[in-house]
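Okay, so here's the structure we're looking at.
Rule-based calculations on the coordinates, nothing more; no lab input. If you're wondering where the values come from, they're calculated on a predicted model, not measured in any experiment. Backbone-built Cβ (ideal geometry, glycine too); neighbour counts: all protein chains shown.
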Amino acid sequence: GRISPAKDLESLIKAINILVNKENKQGLSAHIIGGPGLVTQQAYYDSLKQMIQTMKLQRQVSFLGEISNIETVGHYQDADLFISTSKTGSVDKVVLEAMSCGTLVLTSNEAFKDIVGSEFMVEKNNPAQLAEKIKWVQSLPKEQVENIQTRLREEVLKNHDLNNLAKKIAEQFK
């Protein structure tokens, strides 16, 4: 992905701050993959790094930089949770990629409401609610997590894979 204001990474960092510094969840970590999409977004990226430093979250929040598409699969599979605080309003492929790898997702992107269900939606610009949802996901029983992971993966395979997308596009031109 890219690091830009549209991704609202401040909400994620603030939620981690709530969990680590107010709820004492020291074992928590967040890895942000990507880089500034444009030269003009470098200042935003720098402000996020400063925010992490000010909140003393250097051990919990890290920037992994840009990585290849092939490498992202391992990161999705290793993650307990994928969080998208994007404000784009369109179906972001990174959320679908995480789902296809069987990773639970939380998102503020309204385009996913019917895809992931309301329980995995978070309000935009609401770090407190995001922190609560992260705690909720952490408390889910293993069997329930596995069922949700399967459901999310099946959703992508059934409705969002490239072959089905191509068929849907072709049908529009008949």
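In terms of packing, defined here as the mean over residues of other Cβ atoms within 10 angstrom, the peptides 130-137, 103-110 line up highest first as 103-110, 130-137. For the pair Thr40 and Val145, a Förster radius of 30 Å applied to the C-beta separation gives a FRET efficiency near 0.15, rounded to the nearest 0.05. The value of relative contact order for the stretch 1-85, using C-alpha pairs under 8 Å at least six residues apart, is 40 percent.
Based on DSSP, what percent of beta bridges with both residues in the chain are antiparallel, to the nearest 5? Could the numbers behind the result be given before it?
Numbers: 0 of 11 bridges.
Looking only at bridges with both residues in the chain, the antiparallel portion is about 0 percent.
For the chain, adding -39500 (n - 2.57) for each run of n ≥ 4 DSSP H residues and dividing by the number of residues yields -15000 deg cm²/dmol at 222 nm.
Using the Cβ-Cβ distance between Trp136 and Ala111 with R0 set to 25 Å, the FRET efficiency works out to roughly 0.70.
Could you give the length gained on full extension between Asn21 and Lys158, defined as 0.36 nm per residue of separation minus the Cα-Cα distance, in nm?
Details: separation 137, 0.36 × 137 = 49.32 nm, distance 4.09 nm.
Going from the current span to full extension adds 45.2 nm.
Kindly list the residues of the stretch 6-23 that lie in the label zone of Ser90, defined by a backbone N under 15 Å from the point 7 Å along the Cα-to-C-beta vector. Output list for this probe position: 6-7. For Ala6, put the label point 7 Å out on the Cα→Cβ axis and report which residues of the stretch 82-101 keep their amide N under 15 Å from it. Under cut-off, by backbone N: 85-95. If you average the sequence gap of Cα pairs under 8 Å that are 6 or more apart and divide by the length of the stretch 93-174, what percent do you get for the contact order? For the stretch 93-174, the relative contact order is 35 percent. For the pair Ser47 and Glu119, label points projected 7 Å from Cα toward Cβ lie 3.6 nm apart.
Tell me, in nm to one decimal, what length is gained between Leu81 and Lys167 on full extension, where the rule is 0.36 nm per residue of separation less the Cα-Cα distance?
Working: separation 86, 0.36 × 86 = 30.96 nm, distance 3.07 nm.
The Leu81-Lys167 span can extend by a further 27.9 nm.
Equivalent ellipsoid of the chain: semi-axes from √(5λ) of the C-alpha gyration tensor, largest first, are 27, 20, 14 Å. Calculation over all alpha carbon pairs of the stretch 1-82 in 10 angstrom steps from 0 returns a P(r) of 17, 49, 31, 3 percent. Using C-alpha pairs below 8 Å separated by at least 6 residues, the relative contact order for the chain is 22 percent. Close amide H partners of Val61, meaning residues 5 or more places away or on another chain with modelled amide H under 5 Å apart, are Ala30.
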